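Notes follow the structure.
The values are calculated or read from the model by the stated rules, or taken from the named source; none is laboratory data. For clarity, every value in this text was computed on a predicted model and none was experimentally measured. FYI the Cβ positions are ideal-geometry reconstructions off the backbone, even for glycines, and counts take in every protein chain you see.
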Amino acid sequence: MGWLLKRRESPVATAQPPAAAAGDTDTTPSALPYDVALLRLPVLAALPEDDAVALCQAGRTRKFSPGDLLLEEGQPATTCYLILEGSARLVTSQDDTMLESGMLRVGDRLGSLTVDPSPSPVTALAASPVTALAIEPGPFSQLPESVRGRASYALARLMDEQMAQATHTQMTLTARQAQISDAALSLVTLRQTLCEQSEMVKNVISSAPSLPTYAGKLVTLLHDDAASATDVVGLAKVDPSLAGVVLKSVNSPHFSLSNNVSDLQQAVVLLGFDQVYQLVIANGVATAMPNKPAFKELLLQSNAVSFIALETARLLGLEKPANLGTIGLMHGVGYSVSLLLQEQFPKLAGFIEMLDPARIGGLLLAEWGLPQVLCDAVNYQNHPQFLPPSALPSSCREQVAVLHLSRFCYDRLRGQDDALACAPFLEDYMALLGSKEAPDTFVKGRLLPALLSHSATYPEAMRRFFSECETRVSPMA
């Protein structure tokens, strides 16, 4: 299509939007004949024909190849563009990722005509070969005042219409997102109801190995706001099996301590109270799981999420990090029951896959007599994948947020690049916990260094796992 102002071999635009392309520095109004089709653009058709012609002659045509930059986010938008041919993508940057925020098509406007423009809130990239009428403040200011006034009004109305359309699109997307969330919640509710009503699930839960008495007592004690390390030592005196578990584990090759530890208090001094607590609960959970490869892998994951939750709670200044670490450790117990069901009832594999492991986990923890907040956090652990924080019960919202963030961090530390795709509300949950960081920045910049700095007090398997994570997360830089 022969658009207006085919200037003397007008060059293809480069990637710098504010400046004219090399060899095309003349910004004086053009007196070349105009294409009548150009004046049919709504924004120009709304002007008197003489005004529209004058505005066109104050500009110049610029051509962009797919991928070329029209405007750059954060840079002054020193040129106003009217799209004559093709289309442009609007994107914004977030955590080194470019997010689509809209499309511009023929007749749309972007950029500014002010002498001192604000930084552009978006980046505009040609999505196809683009021809645009570029109007810069200098030539525009040479137009008669009356023409400038009418043209500015028309261009402002065009921008308002584009903003209204963008708002409508956003509202439509929000409504669709709500519909998807409702549908996902209905599906999860159905799966949870199947768990609650299934006699098979009830029988497996009732016959599943219980936590050792010392572990159940310790979890309950630590959820008492008034509990302290002294209380735990006192519990060990009443239940020698607790001290036995700690001392046996601490003196094992997994910790590689130079001298044997002879009492629980000494173990707390050497490893720290939170680490000793994690050790005891992890040992208790391990005794409740079958000694088979699939269960061992699940236990390793649960331990890793537990240490991640513990460090996350410390980094974000949350209360009772050990309790949040316990939730991380317990989050996989429902999946272990699912594995057990599949082994016992292979012909019912299809039905078992319909069950919600998170709900099974919540039911099992309740069967073990553990605190309600722990049961609820495990029960709601998958809801953040499709619901914002406000949709969760306030009684366990923070605990679920920590678990959701910890599971994301575990996936990223394992090198899973698409982990964020399964966590659309992750930044909302991080904000709830007081963090304004981008998720990957938190993982690489704060969490992994903290894990490595404390790894000397971790069991050997965890030390090895987090050490290997250093190479996996390097691509995040």
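One table, with the values for the structure above:
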item: Residue selected from the range 383-399 under the condition part of a loop (DSSP other than H, G, I, E, B) and surrounded by fewer than 22 Cβ atoms within 10 Å (Cβ to Cβ), by the criterion farthest from the chain's Cα centre (by Cα); result: 395
item: Subset tally (residues that are surrounded by fewer than 20 Cβ atoms within 10 Å (Cβ to Cβ), over 26 Å from the mean Cα position of the chain (by Cα) and in a strand (DSSP E or B)) for the range 99-123; result: 1
item: Filtered residue count, the range 359-377, keeping only those that are surrounded by 23 or more Cβ atoms within 10 Å (Cβ to Cβ) and either more than 20 Å from residue 400 (Cα to Cα) or without any contact (Cβ under 8 Å) to a residue 60 or more places away in the chain (or both); result: 4
item: Helices (runs of 4 or more DSSP H) wholly inside the range 295-368 containing at least 3 residues that are over 28 Å from the mean Cα position of the chain (by Cα) and farther than 17 Å from residue 206 by Cα; result: 349-354
item: Residue list for the range 193-216, restricted to those being more than 36 Å from the chain's Cα centre (by Cα), in a helix (DSSP H, G or I) and under 15 Å from residue 369 (Cα atoms); result: 206, 207, 213, 214
item: The lone exception for residue 412 - which of (1) modelled with pLDDT of 90 or more; (2) more than 20 Å from the chain's Cα centre (by Cα); (3) more than 25 Å from residue 211 (Cα to Cα); (4) in a helix (DSSP H, G or I) it fails; result: (2)
item: Options 20, 15: the member that is more than 15 Å from residue 135 (Cβ to Cβ) and either in a loop (DSSP other than H, G, I, E, B) or modelled with pLDDT under 90 (or both); result: 15
item: Top-ranked residue of the range 135-182 - restricted to ones that are of a type in the set (A, V, I, L, M) and over 38 Å from the mean Cα position of the chain (by Cα), ranked as nearest to residue 83 (Cα to Cα); result: 135
item: Residue 446 being under 22 Å from residue 251 (Cα atoms) and either in contact (Cβ under 8 Å) with a residue 12 or more places away in the chain or of a type in the set (D, E, K, R) (or both); result: no
item: Contacts under 7 angstrom Cβ, first residue in the range 128-145 being over 17 Å from residue 50 (Cβ atoms), partner of a type in the set (Val, Ile, Thr) and surrounded by fewer than 20 Cβ atoms within 10 Å (Cβ to Cβ), 6 or more apart; result: 136/27; 137/114; 137/115; 138/27
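So that you can scan it fast, the table gives a plain yes or no per residue for (1) touching a strand residue (DSSP E or B) at 6+ places or on another chain (Cβ under 8 Å); (2) in the same structural domain as residue 277 (by TED's automatic domain parsing); (3) in contact (Cβ under 8 Å) with a residue 40 or more places away in the chain; (4) not polar (S, T, N, Q):
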| residue | (1), (2), (3), (4) |
| --- | --- |
| 399 | no, yes, yes, no |
| 429 | no, yes, yes, yes |
| 433 | no, yes, yes, yes |
| 464 | no, yes, no, yes |
